[in-house]
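Enquirer: Before anything else, here's the structure in question.
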Amino acid sequence: MGYLSQIGMQEPYLYLTGVDPRLDGQHFARHRGRRTSVPRILAPHPGIPLLRSPTVLGNRLNIEKMKAADPRRFAMANALRVLAMDAVEAAQSGHPGMPMGMADVATVLFDNHLKFDPTSPDWPDRDRFVLSAGHGSMLLYGLLHLTGYADMTLDEIKNFRKLGSRTAGHPEYRHASGIETTTGPLGQGLANAVGMAMAEQSMAARFGNKVVDHRTYVIAGDGCLMEGLSQEAITLAGRQRLSKLIVLWDDNGISIDGKVSLSDATDQLQRFAASGWDVRAVDGHDVAGIDAALTWAKANGKPTLVACKTHIGLGAPTKQDTSKAHGAPLGASEIAGARAAFGWSHGPFDIPNAVRTNWLGTAKRGAAARAQWHTWLGNLSNAKQAEFARVMAGEPPNKLAGAIRALKKQISADQPKVATRKASETALAAINPVMPETIGGSADLTGSNNTLTPGMGVFDIDCRGGRYVYYGIREHGMAAAMNGMALHGGVAPYGGTFLCFTDYARGAMRLSAVMGLRVVYVMTHDSIGLGEDGPTHQPVEHVAMLRATPNINVFRPADAVETAEAWEIALTSNDIPSVLALTRQNLPTLRTRHTNLNLTARGAYVMAEADHKRRVILMATGSEVAIAMEAKSLLEAKGFGARVVSMPCFELFAAQGEAYRRKVLPAGAVRIGIEAAVRQGWDRWLMGERGSEKKADFVGLDSFGASAPAEELYKHFGITAEAVAEKALALM
Ligand SMILES: Cc1ncc(C[n+]2csc(CCOP(=O)(O)OP(=O)(O)O)c2C)c(N)n1
Ligand SMILES: [Mg+2]
């Protein structure tokens, strides 16, 4: 049986053969020196059916055909289209074109495939639906409203993009139930979905594939696929053979600047196929074809791309198929014309009851599946059920606190001289056995990031119970996948790279913060202290940049005890990501007296009190706390009392009450900040908080570092105890 008949497609789609597969329509025409209407070839890859692009759908005649083919779904899709047009018009901003083009695909997905239950939006075994093309937010809001999510009222739709509404310009996680992730930065949703699909597999390995058996569906646009991040996501998903990941590509050939062909000639089907995906092309307005393609996608053994050839702004008389439909209100006459084309006689925001009933009916399938799921869950032992509930709620295990306490005690007794990246490995070796939901990994720097501990096993196609992910050299993809895992729930992701390559992961790290996700970034080689690799690898502005980002805890622990404490905070903070900036070079243990209290949780604390009358406060983080301790000795030897304040986490210190901050940073003394990085971010502690400009200085860096052994670099850049003591003396 041919592919077309398999997915229920007939006229006017033809197999094309004998055409140079490297040439799409435009290239072909240009090749011959003139522009003709040579059809674009969608699938010129051996084994992939060649389809001729639908060229006429979308005009009046074909809208009639769509109606005739399936009046019920046609009307359901029109409801999505008019809600998008009307909401964007009311807001006088937004993106109507994408929802109008993808309404038919979304209708078929929700009507016949997606497993969801609006009465229980967080039901763990629901399918995940990710609108990666987040600018088409009205498609998601329309779907949530029409399928009966209680918090997505018609008023919310009418208040699209208004302050305080659930219907933000782009879908915001936690603003409304059914929004699985924040999207808008293109490509992120697609990459989140990879992590969701991995988490599903991991959870299925732990709890059985009856209790955990769901798919992840993505609607991605041309923009999502053009972003570099998509390459990382696609190749990771292909390598991991995430067969329950299904991407529906809104192949409308249009982006903001005009035709996609202005800037891209990629054969996406070949790209995905080359990365290990199964791929199919379908007419995105042919509901029977979409339905068949989804049935096929669910059955195959690889991640699946369904390229849905659509018309952006379907039905808009002059704006359809143009970038004018992308991101602006269509205007009254276009809206009226589209309504006429659809045969839609209802006013703005008015959805006829029959259509509403059909939409509400789509939720029945999920309700039945959820009832069945409860039976499966009930078949697990009580202990297993409790464990499932615990990990889904993101609660740390009872044993975690004890494990950290024991480790700290051990470190204070042994007083090892180790790099904090090594201390992090030691902490993980204590944590991972008592916290089975952790999923670790590294972007090809496992041996440098020290992220792998014994017994984790490797997460792989035949070993979904493995807890270590070889992410490959995909920092951004790793970060976005970790976001997806955290969003999915049930797992606690952490992943490593060099702190300098925060830049590569930044887009997704920002979204960890925006969404408030428990994701732990293990960022090693955190300063010039990494030595010989030189300026390209030596972060100087990264800690400042991370601190400038709201809602991230940035830890720069001074020794192995602080490292263990930072891990405890990171894993028990369920609504904020954490960055652990860790050294390559060895550091002494400074916390030699054990206390059960997690001092790092205060953000800053007195590491060593002044012996003589306090004249100086030395504030430092990470590797520079040891330098501050040496400087203290130099000053004390001269009779000047110096307090050393370790500041492993600015954010947590800033969150302490005034009384505590005053205790740590009292008025009067000279203040020196020490950090092998740029000064930005330090002035609050140096000059604010009862400090004064005349009595404050900073020892750090304002250039990119250099290539040499670490010790030489510290001397070269003047980050030494002597330099610190000198600056303090100069201010007294
Ligand atoms: C990372 C990122 N870069 C740029 C944008 C701005 N932007 C929003 S939509 C869009 C075009 C996307 O084109 P496509 O996905 O084809 O959407 P369509 O026009 O088909 O709806 C751009 C550039 C963005 N949202 N995210
Ligand atoms: Mg597009």
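Any read-out appearing in this document is the output of simple, stated calculations on the displayed coordinates, not a laboratory observation. Keep in mind the model is a prediction, meaning the values are calculated, not measured. Quick reminder, even Gly has a Cβ in these numbers, built from the backbone with ideal geometry, and neighbours come from all protein chains shown.
Enquirer: Per residue Cα convex hull volume for region 64-367, in cubic angstrom?
Expert: Taking only Cα atoms, region 64-367 has a hull volume of 113 Å³ per residue.
Enquirer: Over the chain, what is the percentage of antiparallel beta bridges among all DSSP beta bridges, to the nearest 5?
Expert: Counting DSSP beta bridges with both partners in the chain, the antiparallel share is about 10 percent.
Enquirer: Set the bar at 19 Å for Cα to Cα. Now go through K65/K309; K210/K399; K638/K694; K67/K259; K417/K727; K695/K727 and name every pair that lies beyond it.
Expert: Result: K210/K399; K638/K694; K67/K259; K417/K727 exceed 19 Å.
Enquirer: Once amide H atoms are built 1.01 Å from N in the peptide plane, which residues 5 or more positions from I312, or in another chain, come under 5 Å H to H?
Expert: Those lying under 5 Å, H to H, from I312 are D321.
Enquirer: Go ahead and collect, in residue order, the members of region 705-732 whose backbone nitrogen is under 18 Å from a label point 7 Å along the Cα-Cβ direction of D611.
Expert: 721-722, 725-726, 729
Enquirer: Here's a follow-up. Each residue of region 515-520 in order: what ³J(HN,Hα) in whole Hz does its phi give by Karplus 6.51 cos²θ - 1.76 cosθ + 1.60, θ = phi - 60°, with x for Gly and Pro?
Expert: Here the 3J(HN,Hα) series is 7, x, 9, 7, 10, 10 Hz.
Enquirer: What's the ranking of 73-82, 323-332 by average number of surrounding C-beta atoms within 10 Å, highest first?
Expert: 73-82, 323-332
Enquirer: Could you please report the charge total around I157, scoring K, R as +1 and D, E as -1 over all other residues with beta-carbon less than 15 angstrom from its beta-carbon?
Expert: Overall, the nearby charge balance is 0.
Enquirer: Continuing with the same structure: What's the local net charge at P396, with K and R +1, D and E -1, over the other residues with C-beta under 15 Å away?
Expert: -2
Enquirer: How big is the dipole moment of the chain about its Cα centre under a simple scheme where the beta carbon of each Lys and Arg is +1, that of each Asp and Glu is -1, and everything else is neutral? Debye, nearest 20, please.
Expert: 740
Enquirer: Go through 236-242, 295-301 and give me the packing order, highest mean Cβ count within 10 Å leading.
Expert: 236-242, 295-301
Enquirer: Further, regarding this structure: Roughly what would the spin-label model give for A393 and Q415, points 7 Å off Cα along C-beta, in nm?
Expert: About 4.3 nm, to one decimal.
Enquirer: Follow-up. If eta is 1.567 mPa s and T is 4 °C, what Stokes-Einstein diffusion coefficient results for region 297-373, Kirkwood Rh from Cα pairs, in µm²/s?
Expert: It comes out at roughly 81 µm²/s.
Enquirer: Given a cut-off of under 8 Å on Cα pairs at least six residues apart, what relative contact order in percent is computed for the chain?
Expert: In percent, rounded to a whole number, it is 11.
Enquirer: Turning to a different aspect of this structure: When N counts the residues of the chain, how does its alpha-carbon radius of gyration compare numerically with 2.2 N^0.38 Å, as a ratio?
Expert: Rounded to two decimals, the normalised Rg is 1.07.
Enquirer: Could you work out how far the C-alpha centroid of region 137-197 sits from that of region 591-639, in angstrom?
Expert: 48
Enquirer: How long is the gain from S263 to A401 if the chain were fully straight, where each residue apart is worth 0.36 nm and the alpha carbon distance is subtracted?
Expert: So the chain would gain 44.3 nm between S263 and A401.
Enquirer: Continuing with this model, one more query. Under the definition of Cα pairs under 8 Å and six or more residues apart, what whole-number percent is the relative contact order of region 603-730?
Expert: 27
Enquirer: Taking Cα pairs under 8 Å and at least six residues apart, what relative contact order does region 64-367 come out at, in percent?
Expert: Result for region 64-367 is 25 percent.
Enquirer: Follow-up. Cα-based Rg of region 441-518 per 2.2 N^0.38 Å, rounded to two decimals?
Expert: 1.06
Enquirer: Oh, and also: Need one number: nm distance between label points at H716 and A68, each 7 Å from Cα along Cα→Cβ, rounded to one decimal.
Expert: Placing both labels 7 Å beyond Cα along the Cβ direction yields 7.7 nm.
Enquirer: Let me ask something else. For a quick check of your reading of the filter: which chymotrypsin sites (Phe, Trp or Tyr not before Pro) in region 637-732 sit in a DSSP loop and have no more than 15 other Cβ atoms within 10 Å?
Expert: Loop-located and lightly packed - F704.
Enquirer: What ranking of S165, S633 emerges when the number of other C-beta atoms within 10 Å of each C-beta is taken as an exposure proxy, fewest first?
Expert: By the 10 Å Cβ count, ascending, the order reads S633, S165.
Enquirer: Using 20 Å as the cut-off for backbone N distance, which residues of region 236-267 belong to the label zone defined by a point 7 Å from the Cα of N209 along Cα→Cβ?
Expert: Output list for this probe position: 237-247.
Enquirer: Can you give the net charge of the other residues whose Cβ lies under 13 Å from the Cβ of P709, counting K and R as +1 and D and E as -1?
Expert: Value of the local net charge: -2.
Enquirer: Extent of region 603-730 along each principal axis, from alpha carbon coordinates, in Å, largest to smallest?
Expert: That gives 44, 33, 25 Å along the principal axes, largest extent first.
Enquirer: In terms of modelled amide H atoms, which long-range or inter-chain residues lie less than 5 Å from the amide H of T438?
Expert: Here A492 satisfy the definition.
Enquirer: Loop by DSSP (not H, G, I, E, B), at most 15 other beta-carbon atoms within 10 Å: where is the longest site-free stretch of the chain for GluC sites (Glu not before Pro)?
Expert: Between exposed loop sites, the widest span is 1-531.
Enquirer: Please compute the length gained on full extension between T357 and R662, using 0.36 nm multiplied by the number of residues separating them and subtracting their Cα-Cα distance.
Expert: Full-extension gain reported as 103.6 nm.
Enquirer: I would also like to ask the following. Could I have the simple spin-label model distance between S120 and A150, label points 7 Å from Cα toward Cβ, reported in nm to one decimal?
Expert: Taking the simple label geometry, S120 and A150 are separated by 1.4 nm.
Enquirer: Same structure, new question: Given the Cα-Cα distance of D350 and H594 and 0.36 nm per residue of separation, how much length would full extension add, in nm?
Expert: Going from the current span to full extension adds 81.1 nm.
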